[in-house]
Amino acid sequence: MDINTPNKESMIHKEVYDKVLPYLLFVFIVSSILIFETISSTVLSFITFKTINRIYIFQGLLNVFFISPFLYVFMLRPLKKQLQENRLSALSFQSAIASYISSMKNIEEEKARYHALLNSIGDGVIATDHEGNVIFLNATAKKTYQYHNDVTQKALKWYDLPVSIIDEQDKELSIKKHPLYSALHKRSTTSAAFSYVRNDKTKIAISAIASPVLYNNITDGAIMVFKDVSKEKEIDRMKTEFIALASHQLRTPLSAIKWFSEMLKNGDAGVLQKQQKEFIVNIYDSCERMIDLVNTLLNISRLESGKLVIDPKPTNLALLIEEIIKELHPKIKEKRLKIITSLHKDIPLISIDPNLMRQVYVNLLTNAIKYSHQNGEIIVILSKKVDQNGSEIVSQVTDSGLGIPKKDQKRVFERFFRADNVVKLETEGTGLGLYLIKKIIEVSNGNIWFESEENNGTSFWFSLPLNNEI
Amino acid sequence: MLSVLVVEDDTLLASAYKIKLTHSGYKVHIANDGQMAIDSLQKIKPDVILLDIRMPVKDGYQTLKEIKESEVYKDIPVIISSNSGTKENIDRCLELGAVDYIVKSDISIDGLVEKINNLLKKDKR
């Protein structure tokens, strides 16, 4: 800001000021001369008629002479100061206006740039104010909604856009489940998958995420970004169909191997020699492993594509555990293991999918058996826990076997992960079991955790809420 | 002697059924698809039908529906023996009137025979 920049107004003041001062100076000089003249004339002629006039003139001149400095101090100088100040404030006002105008220009430019940015986003963007009125629709959103009016013209609520919203079961999505609703009313960032049905009856599969816009910690509005996922959905559907088809195709020859080796093993085609029986048992066991793998892959693919149908039924967990232990008896006997169960008597029937629970226990128990040493001990506990948050079932499976090395512990739930110490022992095992059961527990609103020390055994726990609201 | 109609398009599995069930004392008839099954039923009346789902010409659902709609053989118990174990399939078959649903790769052939034995024992009572 250049405070010395002259402008018209201050120049006019300067001119006036410049004119007044010389005038006063002139007055001062003239009066001084006249005073001198008067004094000298007076000296020459004593009091005559003219003297009275001269005295009047002298008085007048004296007045002027003495008033001039006062005039100067009390009028000119303040005026000068005032003029200077005016000039300064005029200058600063002028530059304030200049910088304001340039800021406004910058803001407009930035606004236009951000507008262009938002508009260029390939996904749809919709922004609302805190009352839910749409304040912005980017180009993709306008195209999706087939709505090309200016959104700032009249108040348009986000739920009044010309599309109907349906959920994955083809039913109308309730407003409370919409991510924009959560953003505006619950201040939370949520994502959802749904479909838009437009006025021309076309349907688009959408994946959206909405978050609140916070300004000074108050919800100032909400913004949602959504994308057309029709292609991804199609690919996903093809993937799931492929896995289902492949699994079924694989299961047919596996069934044939299973049954024929079973019949051979049982002597249905004649008595076998020791080695013949050994070989056939190996074939049978390998086939069982493959069947397990196919089942696990199928379950994982269903879980991941969200297609696993959870069929909760009132289930007696204690009974289920005992059944599974009985089924695993041959393997338990083989290693001469001791199984200790502590299954709490008054555990109520819990509403869970028995098939999924069966997989959890089969997995945990098979692992415990596999990784136990000869003559080892396996403990299975089922108990009920009640606290202020509600009641839950806690189940524990403990073995005294190989254990999980500390360095591998954070990876045990990873898909296909197997710790080094078990891979060295036997190459069996897919590394999928724990991954699958963790997903099953989580989808049942439970938790799974473990403690382990290498060569000192492992304990797995999982909890399931007793008042299961799915 | 009790008889079983096995409806299965895979020849290996069909022969496994035949060997085992004959060994267990049953008379075994084999049909390789749904239409053959319906045709067989014109000539024989089995005590139980073992029905696969994925078959050419006529699949298991259609066959099951037709069996249950016929006056002559709607009372013959049908056990679905399939390799698909999805809840939708199981529910659909049970709704159409099947008495049981088995996933082939999850059951031993001895177990399957045991199921048939138990079913027919119950019926006898």
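The values are calculated or read from the model by the stated rules, or taken from the named source; none is laboratory data. Please read all numbers here as calculations on a predicted model, not as lab measurements. All Cβ positions, glycine included, derive from the backbone under ideal geometry; neighbour counts span all protein chains shown.
For this structure, a couple of remarks:
- The C-beta contact set for region A:336-348 (first residue touching a residue at least 40 places away in the same chain (Cβ under 8 Å), second residue in a strand (DSSP E or B) and of a type in the set (S, T, N, Q), distance under 6 angstrom, 6+ apart or interchain) comprises A:His344/A:Ser383.
- Selected residue (criterion: nearest to B:Lys65 (Cα to Cα)) from residues of region B:19-37 that are in contact (Cβ under 8 Å) with a residue 12 or more places away in the chain and aliphatic (A, V, I, L, M): B:Ala37
- In region A:248-272, the residues that are at pLDDT below 95, more than 8 Å from chain B (Cβ to nearest Cβ) and under 25 Å from B:Thr86 (Cβ atoms): A:Gln249, A:Leu250
Each row is one residue, and each column tells you yes or no for (1) farther than 30 Å from A:Phe28 by Cα; (2) surrounded by 11 or more Cβ atoms within 10 Å (Cβ to Cβ).
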residue	(1), (2)
A:Leu76	no, yes
A:Ser89	yes, yes
A:Ala116	yes, no
A:Thr128	yes, yes
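- Complete set of residues in region B:67-114 that are of a type in the set (Lys, Arg), in contact (Cβ under 8 Å) with a residue 24 or more places away in the chain and away from chain A (no Cβ under 14 Å): B:Lys68
- Which listed residue, of A:Val386, A:Val394, A:Val380, is at pLDDT 90 or above and surrounded by fewer than 17 Cβ atoms within 10 Å (Cβ to Cβ): A:Val394
- Where helices (runs of 4 or more DSSP H) fall wholly inside region A:301-398, the ranges with 3 or more residues that are under 22 Å from A:Glu442 (Cβ atoms) and either under 39 Å from the mean Cα position of the chain (by Cα) or among the aliphatic types (A, V, I, L, M) (or both) are A:317-327, A:354-370.
- Members of region A:285-298 that are more than 10 Å from chain B (Cβ to nearest Cβ) and not charged (D, E, K, R): A:Ser286, A:Leu293, A:Thr296, A:Leu297
- Residue in region B:39-47 that is under 14 Å from the mean Cα position of the chain (by Cα) and either within 14 Å of chain A (Cβ to nearest Cβ) or of a type in the set (Lys, Arg) (or both) present: yes
- Any hit, region A:358-368, residues being closer than 28 Å to A:Ile291 by Cα, surrounded by 14 or more Cβ atoms within 10 Å (Cβ to Cβ) and touching a His at 6+ places or on another chain (Cβ under 6 Å): no
- Checking A:Gln275 against (1) assigned to a helix (DSSP H, G or I); (2) modelled with pLDDT under 90; (3) more than 13 Å from chain B (Cβ to nearest Cβ); (4) over 30 Å from A:Gly124 (Cβ atoms), the condition it does not meet: (2)
- On inspection, A:Phe416 passes the criterion of being in a loop (DSSP other than H, G, I, E, B) and either of a type outside the set (Asp, Glu) or under 28 Å from the mean Cα position of the chain (by Cα) (or both).
- Filter pass, B:Gly25 being within 14 Å of another protein chain (Cβ to nearest Cβ), part of a loop (DSSP other than H, G, I, E, B) and either in contact with a Pro (Cβ under 7 Å, 6 or more places away or on another chain) or surrounded by fewer than 19 Cβ atoms within 10 Å (Cβ to Cβ) (or both): yes
- First in region A:147-158 and charged (D, E, K, R), second anywhere and surrounded by 13 or more Cβ atoms within 10 Å (Cβ to Cβ), Cβ under 7 Å, 6 or more apart: A:Lys157/A:Gly132; A:Lys157/A:Asn133
- Taking region B:48-62 as the range and being within 14 Å of chain A (Cβ to nearest Cβ) and either without any contact (Cβ under 8 Å) to a residue 40 or more places away in the chain or farther than 20 Å from B:Lys104 by Cα (or both) as the test, only B:Asp59 passes.
- Residue in region A:232-254 that is assigned to a strand (DSSP E or B), farther than 30 Å from A:Asp292 by Cβ and under 24 Å from the mean Cα position of the chain (by Cα) present: no
- Residues located in region B:1-14, provided they are in a helix (DSSP H, G or I), within 9 Å of another protein chain (Cβ to nearest Cβ) and surrounded by fewer than 22 Cβ atoms within 10 Å (Cβ to Cβ): B:Leu12
- Test result for A:Ser41, in a helix (DSSP H, G or I), at pLDDT below 70 and surrounded by 11 or more Cβ atoms within 10 Å (Cβ to Cβ): no
- Conditions (1) within 13 Å of chain B (Cβ to nearest Cβ); (2) closer than 27 Å to A:Lys239 by Cβ; (3) of a type outside the set (A, V, I, L, M): number failed by A:Asn363: (1)
- Members of region A:299-315 found to be away from chain B (no Cβ under 14 Å) and surrounded by 15 or more Cβ atoms within 10 Å (Cβ to Cβ), listed by number: A:Ile300, A:Glu304, A:Thr315
- Search result, residues across region A:339-357 that are within 16 Å of A:Ser400 (Cα to Cα) and surrounded by fewer than 13 Cβ atoms within 10 Å (Cβ to Cβ): A:Ile340
- A:Ile235 being hydrophobic (A, V, I, L, M, F, W, C), more than 8 Å from every other protein chain (Cβ to nearest Cβ) and within 17 Å of B:Ser82 (Cα to Cα): no
A quick yes/no check of all residues on (1) in contact (Cβ under 8 Å) with a residue 40 or more places away in the chain; (2) more than 19 Å from A:Lys143 (Cβ to Cβ); (3) buried (at least 17 other Cβ atoms within 10 Å of the Cβ):
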{"site": "A:His178", "(1), (2), (3)": "no, yes, yes"}
{"site": "A:Ala183", "(1), (2), (3)": "yes, yes, yes"}
{"site": "A:Phe194", "(1), (2), (3)": "no, no, yes"}
{"site": "A:Asn199", "(1), (2), (3)": "yes, no, no"}
{"site": "A:Tyr215", "(1), (2), (3)": "no, yes, no"}
{"site": "A:Phe226", "(1), (2), (3)": "yes, no, yes"}
{"site": "A:Lys239", "(1), (2), (3)": "yes, yes, no"}
{"site": "A:Leu245", "(1), (2), (3)": "no, yes, no"}
{"site": "A:Asn266", "(1), (2), (3)": "no, yes, no"}
